[in-house]
1. Which residue out of ARG194, ARG144, ARG127 is in contact (Cβ under 8 Å) with a residue 12 or more places away in the chain and crowded, with 18+ Cβ neighbours inside 10 Å?
2. Scan LYS95, LYS115 and give me the residue that is under 24 Å from the mean Cα position of the chain (by Cα), surrounded by fewer than 20 Cβ atoms within 10 Å (Cβ to Cβ) and at pLDDT 90 or above.
3. Can you pull out every residue in segment 365-385 that is over 17 Å from VAL306 (Cα atoms), in contact (Cβ under 8 Å) with a residue 60 or more places away in the chain and in contact with a Gly (Cβ under 8 Å, 6 or more places away or on another chain)?
4. Could we say that GLU71 is surrounded by fewer than 24 Cβ atoms within 10 Å (Cβ to Cβ) and in the same structural domain as ALA203 (by TED's automatic domain parsing) here?
5. Return yes when ILE398 is in contact with a Lys or Arg (Cβ under 7 Å, 6 or more places away or on another chain), under 17 Å from VAL230 (Cβ atoms) and modelled with pLDDT under 90 and no when it is not.
6. Test each condition in (1) surrounded by fewer than 20 Cβ atoms within 10 Å (Cβ to Cβ); (2) within 15 Å of ILE276 (Cβ to Cβ) for LYS351 and report the one that comes out false.
7. Would you point out the residue of segment 339-391, among those that are among the aliphatic types (A, V, I, L, M), at pLDDT 90 or above and within 14 Å of ASP312 (Cβ to Cβ), that is farthest from the chain's Cα centre (by Cα)?
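The values are calculated or read from the model by the stated rules, or taken from the named source; none is laboratory data. The structure displayed is predicted, hence computed values, not measured ones. So basically every Cβ, Gly included, is an ideal-geometry build from the backbone, and we count neighbours across all protein chains shown.
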Amino acid sequence: MGELTMLDTDKDKDERKLKKVKIALMRNKLFALYQGVMMVGKTTVSDDVPTAYTNGRDEVYGRKFIRELDEKELAFVVMHECMHKIYRHITTWKKLAEENALLTNAACDYVINLKLKDIDPNGNHIRMPMKDGKVIGLIDEKYRGMHVKQVYDSIKQEFGGQGGGGEGFDEHGWDDADSMTEKEKEELAKEIDRAIRQGQIAAKKVGAGAGGMDRDLQDLIEPKVDWREVLREFVKSICNAKDVSSWRRVNRRFLAGDTYLPTLIGERVGHIVIGIDTSGSIGGKELSEFLSEVKGIADEVRPERVDLLYWDCEVARHEEYDELTVSNIVSSTKPRGGGGTSPSCVTKYIKDKAIKPECVIMLTDGYVGADWGGDWECPVLWVIVGNNDAVAPVGKTIRIDGR
């Protein structure tokens with residue numbers, strides 16, 4: 001009985017050591033930003049885990065490993081697992097790990113170890129684990145500024161995909177990530193976001209400012225909208241989706257074979273106008289990307305007609321596409337323009353030409369002054385490129401990062 005009590009007491013020491021290190025990190029100004037994330041999920045000590053790992057939510061630390069590390073080294077490992085959680089490595093790079101788990105492990109570790117080194121460059125509070133006078137883990141300045149996929153590709157190119165990434169001091173819970181549903185992954189991402197924001201508040205309270213926040217982390221918590229998804233949903237929402245047949249409009253696809261069939265009402269968008277600002281500030285890259293997405297939307301919702309208007313202070317070109325030719329929109333279009341910027345020219349043109357679209361999509365940089373087209377007679381979606389300050393007073397606004 002006495003021996004069992006002693007063993008239990010020794011184990012308690014491991015838990016207490018880990019808890020002490022975590023609390024110290026949470027109270028430290030350098031790491032206050034991360035305290036919320038440290039509390040996400042469960043933290044356990046295991047006899048069966050050789051080092052440490054996270055599944056993106058929970059953290060597991062090997063008992064023997066804890067005993068081998070001093071408190072600064074253990075603090076580095078705790079922050080290392082915390083960084084895996086913050087950057088959602090286990091869920092984000094699962095597909096990459098299916099190709100080569102060892103290289104993916106190494107790439108993730110190289111990225112976050114440099115970030116941790118930057119937070120505490122002198123190792124006053126956290127320090128990479130050492131064994132026999134050598135650092136355990138992966139760190140290399142040549143990977144500075146790279147994201148995980150870039151590091152992965154670099155390692156793969158250097159070593160021909162046959163390893164060579166080196167060994168880290170932790171494992172990665174790729175298999176655990178497999179068991180998470182898409183809904184659970186989404187909820188985890190939201191929980192991590194909330195934890196980072198709580199950490200921001202905590203960091204400010206202790207006078208830590210951004211608490212070591214880098215650009216990648218800032219990008220993670222900035223509100224983002226998948227403009228492609230919004231664009232699709234906007235167009236698809238125009239459909240009534242009644243999905244009933246009607247003889248009021250004969251299905252033109254079958255007329256060539258003298259076959260008369262009804263058209264399904266609500267199965268597709270009838271008529272879309274796309275107005276693209278060509279005043280000189282929209283680059284070719286953005287234009288190509290947008291047109292490619294428009295083609296994808298057209299393939300999905302099958303509009304009966306697309307009027308493509310290139311405009312600056314007037315409509316410089318008008319192209320018409322039907323359901324058969326819209327698939328060639330990217331290759332066949334010929335942009336025109338280069339003058340000033342006046343969205344009102346589009347509303348005027350639509351009215352003058354008696355165009356009756358079900359919706360209008362306007363692509364612009366948003367530098368239009370107070371001119372947002374006036375009165376629109378149908379739903380309008382503004383896709384604004386590279387201008388975070390512009391919000392259209394009419395219709396719906398989404399943004400594309402123009403960097």
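1. ARG127
2. Numbers: LYS95 fails: at pLDDT 90 or above.
Step by step, each of LYS95, LYS115 is checked, and only LYS115 is under 24 Å from the mean Cα position of the chain (by Cα), surrounded by fewer than 20 Cβ atoms within 10 Å (Cβ to Cβ) and at pLDDT 90 or above.
3. Within segment 365-385, ASP365, VAL385 qualify.
4. Numbers: surrounded by fewer than 24 Cβ atoms within 10 Å (Cβ to Cβ): yes; in the same structural domain as ALA203 (by TED's automatic domain parsing): yes.
Yes, satisfied.
5. Numbers: in contact with a Lys or Arg (Cβ under 7 Å, 6 or more places away or on another chain): no; under 17 Å from VAL230 (Cβ atoms): yes; modelled with pLDDT under 90: yes.
No.
6. So LYS351 meets the others, but not (2).
7. So, considering only residues that are among the aliphatic types (A, V, I, L, M), at pLDDT 90 or above and within 14 Å of ASP312 (Cβ to Cβ), the one farthest from the chain's Cα centre (by Cα) is VAL346.
Residue-by-condition table, conditions (1) of a type in the set (A, V, I, L, M, F, W, C); (2) in a strand (DSSP E or B); (3) over 21 Å from ILE384 (Cβ atoms):
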position: ILE297; (1), (2), (3): yes, no, no
position: TYR310; (1), (2), (3): no, yes, no
position: HIS318; (1), (2), (3): no, yes, yes
position: LEU324; (1), (2), (3): yes, no, yes
position: VAL330; (1), (2), (3): yes, no, yes
